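Below is one structure, written out as C-alpha cells; the observations come after it.
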Amino acid sequence: MFRLSPMSKTIPPSCPEPEIGPKYWRSLNQLADTPEFRQWVEREFPSGASELSDPVTRRHFVKIMSASFLLAGFGLSGCRRPEEKILPFGKAPENYIHGAPQFFATAMPTRGGAIPLVVKSNDGRPTKIEGNALHPDCNGASDHYAQASILNVYDPDRAMRFVRNGNIVKREAALDFLGELSKKSQADGGQGLCFLLERSSSPSRARLRKLIGDKFPKARWFAYEPVDFDVHRQAASVAFGKSARPYFKFDEAKVIVSLDCDFIGGEEDAYLHIRRFTKGRKIEKPTDTVNRLYAVEALFTLTGANADHRLRLPSSAVEQAVKLLGTKISWQFAPEVGPLQLDDEKASEWISKCAEDLLKNRGRSLVIAGHRQPQAVHLMVHAINAALGNIGKTVVFLDAPEAKEETIADLAQALNSGQVGTLLILGGNPVYNAPADLNWAQTLRKAKAIVRLGYYEDETAEFCDWHLPLAHYLESWGDARTADGTLVPVQPLIEPLFGGISELEVLARIGGLEKVKPYDIVRETYGDIAGDGEDNWKRFLHDGFLPGSSAKPVEVQFNASAAATVIGAAKPVVASTKDTLEVVFHRDYKVDDGRYNNNGWLQELPDPITKLVWENVILLSPKTAKDLRLDVRNNENNKLYVPLVRIEFEGREIVGPVWVQPGQADNVVGLALGYGRQKTGRVGRGSGYDAYRLRTTKALHFAGGAKLTPTGRTHQLATTQ
C-alpha cells in the first residue's frame, strides 16, 4: 500500500434508486443537527448536503434527546461541582473512586411542600433521582415530575443569559442593578416596589420576606399559581378560626369519599396519598378488610378509576351532592345553606347509600374535596368530617403560616391605577397562564420597570426590561418543608451550568442584606431553627431532613356560623346542556400547568387515562359527542383522526381536537392546562391548544355557558393504544 500513488478523494454519485432499509447516523452531531455538522457535510459531501435542508418537526428524535445527550455527558465538559462541597482534584476526596457513583440527599420544592430525594451523581453530574427512604413520611416515594426534573437541568432551551431590553449583559451588571434597586427602596421605604411570587414552603424565603418587609414597609407582595392548592388552608382557617392546613391519613380510613378530588393523580402530594391509600387495601391476615372508595367527579380520573363506587356529576353539581350528603348524616347546618336535593334520582340514591356507609364508620372515615371545588364545598366537607368524628383521627390539622400575599387580580388593579414602580416576577409565567380577563401582556407594561427571574425566556420574558436566568433546584441551595412539616435541605449537586441565580439570592440582594449567598442564607435559617453545630448541619445534609421538625397537630373546633356565612354567599353555576356546556380546567398529568411543557420525557409519557402523547384534547362523554354528532375514526395502523372543534366562552374561543372519554359526566368539556405555548423550547413549541385563553378570574376551575361547534376539519392524534 505504501508504494501506491497518492489518490484524491472522489465523491460517490447519488444513487438513483429509492432509499430503503435502515439509515445510520454518521455521528451524534448529525443526530443533533448541529451547524458544525452541516458545514462538514457541505465541505465533504456537497452533493448530499441538500438532504439536511428539510424542516425538522417537533416530534423529531433530537428534540427529545438533545437534553439527554447533555445528561450523558456530550458537550458537558464545563460541569462544576458546588464550591461549598468540593475539594480540588489535585487532592482528591478520601475514598473517591473515579467512575463510582455518589449519592446526595436533597429535595424538590413544590407549591406547598417538597419531595425528599436522593440523587445519583456520576463524576459530579446528577444522573438519576429517587425518593429518600430515610425521610419519616416519604418511605422512598417520589413522582414522575421529580423523576423527569433531572432532564430540565440539561435542557438546551433554558435561559442561559442575563438580558436587559433585549440585549445580553454581564452577570455583574444585573447584580449591580439589583443593588441600585435596593438603595432606592431604602430611601423611599419600598414605595411602588411589588413582588409577584410562586407559592413556597421555604423557611429561608419566609425569613427573607420578613426582613425585606421590615426594611421596606411600603413594598407589596403578591402570589399566583395557575393550579393552586392553597384552598385547603384557606378553608381550614375559616372553619376553625386559625391558620391551619389539613393532613389526610388515608391509611386510617375504612371509608373514603372523594368529591372531585383526584388525590391519586392530580392533587398535591399524590405520591404520599397513593402509599397511604394502598396501605388500606393490603390484606395480611384473613380477618383484614380493605377500605372502600366512593368518588364523585366530572372527569374520569385515576382516583375514579380506582373507586369501588363512582358517581358522574358535573363539577358544579358537587356542591348540591355535598349538601345532600350532609343532611343524611345529620350535620349542624341550618336550612339557609340552600336547596338540598339533586335532580338525578339515581344520584340521590347513591348519596344515601354513601351516607349509610359513613355513619357505620364514624371516626374511621374520611371525606375530602379537590382543589377545583370552591371554598364553600371545602367548608361543608369540614362540617361532615366534624359530624362523623373524623377530625383528629383520619384528618389532622397542622399549624401553617398565614399567607399575607395579595392576589394577581389585586396586582392587576395596582398596575392599572399606576401604583407599581418596579415589579419583580420571581418564577412563574403570568403572561401565558394568568386569567384571560386580566389582559396580562398589556397590563404588565404599565409598571415602570419589570424584572423577571425565570427558567426560560418565554412569553413573560418578552415583556420584561430585565430577565435573569433561574438556577435549577439541583444547582442551588435552599430549604423547604414536606407535607408533614419536616425541614429538608435543597442542596446542589452541580454548579449552575449557565450561571443561573436563585430566588434567595435575588431577594437578599434586593433587601441589601449582608449575606447574599444562598448557602449562607440557608445555613443561617437552619441555625435559627435547629441551633448551631457543624456536626448537626452535616447530619442534616447527609440524611436529607431534620429529625423532630415535623409540624405538631393543633386542636381545632369547627365554627359553624363562620362557615355558614361563606356557604350562604356561594353562587350556583348554571346547569349544563348540550347547547350550554360546562367547561372544567384541569391540571395535566404530564406537563402540570405548563411548567414541564419542554420536557421531552413527559411529553412522550402517555396520559394515564387517554393514553395520548404530545398534546392535549377536548374531552367529551360518549353521549355528549353523539348529541353533537361528532365522529372519531380509527383507521388501520393506529391512524386516529378526530374532529377539530371550536369552544366559545364569554367572547373567547379555542380550537382543539375532540377525545371521547367514557366515564365523563355528560355536557361537560374537559380542558387540560399547560399546552398551546407561543414561546417555549423546541420540544413544547406548537404542542396542543391553549386552554388559558378561556380561563378568567371568575371561572378559574369550572363554569357553565360554553358552546361547541365543529370546524369541519380533522386532526390526527398519537395514542399508545
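Derivation of every value follows stated rules applied to the coordinates shown; laboratory data play no part. No experiment lies behind these values; they were computed from the predicted model shown. FYI the Cβ positions are ideal-geometry reconstructions off the backbone, even for glycines, and counts take in every protein chain you see.
Bridgeable aspartates and glutamates around LYS578 (alpha carbons under 15 Å apart, same-chain partners fewer than 8 residues away excluded): ASP627, GLU648, ASP666.
Cross-link reach is defined here as a Cα-Cα straight distance under 18 Å, omitting same-chain residues fewer than 8 places apart; for LYS183 the aspartates and glutamates meeting it are GLU172, ASP214, GLU505, GLU514.
Its relative contact order, with pairs defined as Cα atoms under 8 Å and 6+ residues apart, puts the range 191-303 at 22 percent. Computed packing ranks the peptides 444-456, 643-655 as 444-456, 643-655, most packed first, by mean other Cβ atoms within 10 Å.
For GLU406, the residues whose amide H sits under 5 Å from its own are TRP221, PHE222, ALA223, ignoring neighbours fewer than 5 places away on the same chain, with H placed 1.01 Å from N.
Residue order for CYS194, CYS138, fewest other beta carbons within 10 angstrom first, comes to CYS194, CYS138.
Sorting TYR689, TYR596 by the number of Cβ atoms found within 10 Å of their own Cβ, with the fewest placed first, yields TYR689, TYR596.
Suppose a student asked you for the relative contact order of the range 581-717, using Cα pairs under 8 Å spaced at least 6 residues apart; what percent would you report? Result for the range 581-717 is 38 percent.
For the cross-link pairs LYS623/LYS707; LYS639/LYS679; LYS215/LYS552, the ones whose C-alpha atoms lie over 23 Å apart are LYS639/LYS679; LYS215/LYS552. Straight-distance candidates among the aspartates and glutamates for linking to LYS254, with alpha-carbon spacing under 14 Å and chain neighbours fewer than 8 residues away dropped: ASP288, ASP308, GLU356, ASP357.
The residues TYR526, TYR519, when put in order of fewest to most other Cβ atoms within 10 Å, stand as TYR519, TYR526.
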